[in-house]
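The structure appears below as structure tokens.
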2 protein chains.
Amino acid sequence: MDSDYGKLLDKLDTGKYKVTRQREAILQVLCDHKDEHMSAEEIYDRVRELYPDIGLATIYRTLDILTDLHILHRMDFGDGRARYELVQDKPHHHHHLICLRCGSISEVKDDLLYQLEETVDREHGFLVVDHRLQFLGYCANCRDFDS
Amino acid sequence: MDSDYGKLLDKLDTGKYKVTRQREAILQVLCDHKDEHMSAEEIYDRVRELYPDIGLATIYRTLDILTDLHILHRMDFGDGRARYELVQDKPHHHHHLICLRCGSISEVKDDLLYQLEETVDREHGFLVVDHRLQFLGYCANCRDFDS
DNA sequence: ATATCTATTGAGAAAGATTATCATTGCTGA
DNA sequence: TCAGCAATGATAATCTTTCTCAATAGATAT
Ligand SMILES: [Mn+2]
Ligand SMILES: [Mn+2]
Ligand SMILES: [Zn+2]
Ligand SMILES: [Zn+2]
């Protein structure tokens, strides 16, 4: 929705960074594809529909800035490239379900790790500030196939 | 210990793959550094002490084979290269604590995800076969520093 | 409006990890 | 001894990401 695009613009427009047409186009694409986990290349292809002459380096630079500002979250699903999504939960991130057959990525919004994080603190003296949790397996569509 | 090295040799010697001196040297290094999470390059450097003329491609090829045989587990800690460790737990893997200050990686052997995996199955119809869980934060040595 | 200053940009080179290619080597078994 | 084939090492190629640098755009001061 456009309201979210406005909020993101505000987050970017902190004085530290300029709001350029390239950065606007990138934010627009991220808003228009909220539920995907796009790679830099995929974002690049979609931004070029709005701003055909943008350079790939600008995509990478902007993704870095948005990640620093905690507007974006950078992830690794093991396919050899970083993937990004808008930060919508706090302070910790949601979990991902990766289907080993069709490659689909779905989400688990519930955290449910409080108990485990307490254990980690109590037994290892480790202060947890974030986590990355992925489940590998078979999605509802794929679990009944054999291969 | 050497007993473990013998077991690994047996796992490799299934008829599908030959037990070569290069592969023996790689297994030896993996046994001698069980508790580390070495990269291919780090393994390469250590194997060359035992077998100086080995090629880097052989390292990569062998790590692939050992991973296919479930002797090794390939991991990504977000530092731009794959890291490996001997598989010692089953069926799921243990968790890792990554210190954001000193970079140390420690382990949590307890699984404690059964409940969450049940939830994932019940509410998302997703059949879990493995997981990857990393906690980011500050280790016992680093949690009391400010920066 | 003009000059000035600086952040941003695009193109392309470079880096770094991993994979592919290919000729050579070393076993194994007839 | 020879044929067949897996394994190897050197090196090229690939792929994503970062770096470099000259050109540009936008803001500010004059
Ligand atoms: Mn997500
Ligand atoms: Mn480990
Ligand atoms: Zn699926
Ligand atoms: Zn630490």
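Each reported figure results from applying straightforward, stated rules to the coordinates on display, with no laboratory input. The shown structure was predicted, so the numbers you read here are calculated from the model rather than taken from an experiment. FYI the Cβ positions are ideal-geometry reconstructions off the backbone, even for glycines, and counts take in every protein chain you see.
For B:100-110, what's the mean count of beta carbons from other chains sitting within 10 Å of each residue's beta carbon?
The mean count of partner-chain Cβ atoms within 10 Å per residue comes to 2.
How big is the protein assembly as shown by Rg and Dmax over its Cα atoms, in Å?
21.9, 65
Normalised by the empirical 2.2 N^0.38 Å for globular proteins, what value does the Cα Rg of region B:94-137 take?
That ratio works out to 1.41.
To the nearest 0.05, how large is the calculated FRET efficiency for A:H94 and B:D121 if R₀ is 22 Å and r is the Cβ-Cβ distance?
0.80
Please report Rg over Rh for region A:61-147, where both radii come from the alpha carbon positions and Rh follows the Kirkwood definition.
Answer for region A:61-147: 1.03.
Would you kindly derive the ³J(HN,Hα) couplings of region B:103-116 from the backbone phi angles with the Karplus curve 6.51 cos²θ - 1.76 cosθ + 1.60 (θ = phi - 60°), listing them in order in whole Hz, with x for Gly and Pro?
Values, residue by residue: x, 5, 10, 10, 10, 10, 6, 5, 7, 6, 10, 3, 4, 5 Hz.
Roughly how many debye, to the nearest 20, is the charge dipole of chain A about its Cα centre, given +1 on each Lys and Arg Cβ, -1 on each Asp and Glu Cβ, and no other charges?
Working: 19 positive and 29 negative charges, 94 e Å.
Using Cβ point charges on Lys, Arg, Asp and Glu, chain A gives about 460 debye.
Scattering from the C-alpha atoms of chain B alone, worked out with Debye: what is log10 I(q)/I(0) at q = 0.20 1/Å?
-1.24
Quick one: putting +1 on the C-beta of Lys and Arg, -1 on the C-beta of Asp and Glu, what dipole do you get for the protein assembly as shown around its Cα centre, in Debye to the nearest 20?
720 debye
Report the rotationally averaged projected area of region B:5-86 based on its alpha-carbon convex hull, in square nanometres.
Convex hull of Cα atoms, orientation-averaged projection: 5.0 nm².
If I take R0 = 30 Å and measure r between the Cβ atoms of A:D110 and A:Y60 in this structure, what FRET efficiency does the formula 1/(1 + (r/R0)^6) give, to the nearest 0.05?
On the way: r = 33 Å, r/R0 = 1.09.
Computed FRET efficiency for A:D110 and A:Y60: 0.35.
Of B:K7/B:K109; A:K34/B:K109; B:K16/B:K109, which sit over 28 Å apart, Cα to Cα? Walk me through the numbers before you get to the answer.
Working: B:K7/B:K109 22 Å; A:K34/B:K109 35 Å; B:K16/B:K109 32 Å.
Checking Cα-Cα distances, A:K34/B:K109; B:K16/B:K109 exceed 28 Å.
What value, in deg cm²/dmol to 500, does the helix sum -39500 (n - 2.57) over DSSP H runs of n ≥ 4 give at 222 nm once divided by the residues of the protein assembly as shown?
That comes out to -12000 deg cm²/dmol.
Give me the distance between the Cα centres of region A:90-147 and region B:61-136, rounded to whole Å.
So the separation of the two Cα centres works out to 11 Å.
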